[in-house]
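Heads up, the thing below is written out as structure tokens.
The values are calculated or read from the model by the stated rules, or taken from the named source; none is laboratory data. These numbers come from a predicted model, not from an experiment. Cβ sites come from the backbone with ideal geometry, for glycine too, and all protein chains shown count toward neighbours.
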């Protein structure tokens with residue numbers, strides 16, 4: 001598929017989706033929002049794609065919205081209709097990542113801020129380069145958090161630390177992000193791509209049907225009471241138990257060999 005502002009590369013069951021406006025630190029304009037959403041849809045539909053990796057070209061993952069898009073309005077003091085921007089551009093992307101029944105790994109290669117942070121947090125797992133920095137930058141421009149950051153930060157950090165990050169907007173380096181639980185792994189810059197690929201390929205070899213059901217269960221569990229979560233787990237586990245991958249996994253266990261999962 002051809003996109004103007006996003007690069008895609010498939011390898012070993014993994015689709016690498018790279019935001020490609022490096023001269024703008026991968027800030028989102030309308031085209032990149034549309035390109036990313038289509039790339040995610042294409043990856044979700046492709047039977048050859050078993051895991052997706054979202055990363056950025058150059059020295060940034062993404063700094064979020066390209067404020068130059070509305071510069072003329074800002075210059076004359078006209079407010080931006082940001083709710084419409086979220087409805088049209090960012091919320092569909094965040095929703096697609098969360099609902100996709102394939103694992104999505106954020107490879108945070110550098111600066112990430114604002115809506116870029118929201119996209120990274122929406123991914124199932126996050127690997128960061130040691131050069132990565134995380135900025136909940138909304139407060140710096142007089143905005144409230146969006147793109148899912150208000151949903152994920154208190155769940156990952158706890159309310160007190162989320163308030164600190166949201167109200168002060170101080171940058172967070174990779175090592176601190178790791179200690180806070182914002183990311184799962186931090187790798188040296190020269191090994192970042194290679195080590196991230198190992199994780200993605202491991203996910204791609206896994207039982208993707210069960211992974212999709214796991215995403216469903218966790219998505220639901222963060223917003224419902226325990227009894228409802230237990231009921232939903234039973235429902236999903238009944239589905240998982242009927243899959244070929246489950247049978248293969250158990251057979252492989254007894255045979256003392258690596259399972260060969262197919263996603264069925």
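Of the strands (runs of 3 or more DSSP E) lying entirely inside segment 47-149, none contains at least 2 residues that are modelled with pLDDT under 95 and surrounded by fewer than 24 Cβ atoms within 10 Å (Cβ to Cβ).
For residue 192, the conditions (1) modelled with pLDDT of 95 or more; (2) under 22 Å from residue 104 (Cβ atoms); (3) in contact with a helix residue (DSSP H, G or I) (Cβ under 8 Å, 6 or more places away or on another chain) all hold with the exception of (3). For segment 205-263, a residue qualifies if it is loosely packed, with under 12 Cβ neighbours inside 10 Å and either under 19 Å from residue 105 (Cα atoms) or in contact (Cβ under 8 Å) with a residue 12 or more places away in the chain (or both), and the qualifying residues are 222, 260. Out of the residues in segment 196-255 meeting the condition of being outside any helix (DSSP H, G or I) and closer than 25 Å to residue 45 by Cβ, tell me which one is farthest from the chain's Cα centre (by Cα). Filtering first and then ranking leaves 242. Has segment 6-22 got any residue that is part of a helix (DSSP H, G or I) and out of contact with any strand residue (DSSP E or B) (no Cβ under 9 Å at 6 or more places or on another chain)? No; the residues of segment 6-22 include none that is part of a helix (DSSP H, G or I) and out of contact with any strand residue (DSSP E or B) (no Cβ under 9 Å at 6 or more places or on another chain).
Residues that are in contact with a helix residue (DSSP H, G or I) (Cβ under 9 Å, 6 or more places away or on another chain) and in contact (Cβ under 8 Å) with a residue 40 or more places away in the chain within segment 153-179 comprise just one, 155.
Under the condition of being within 23 Å of residue 210 (Cβ to Cβ) and touching a residue at least 24 places away in the same chain (Cβ under 8 Å), the residues counted in segment 77-106 number 11.
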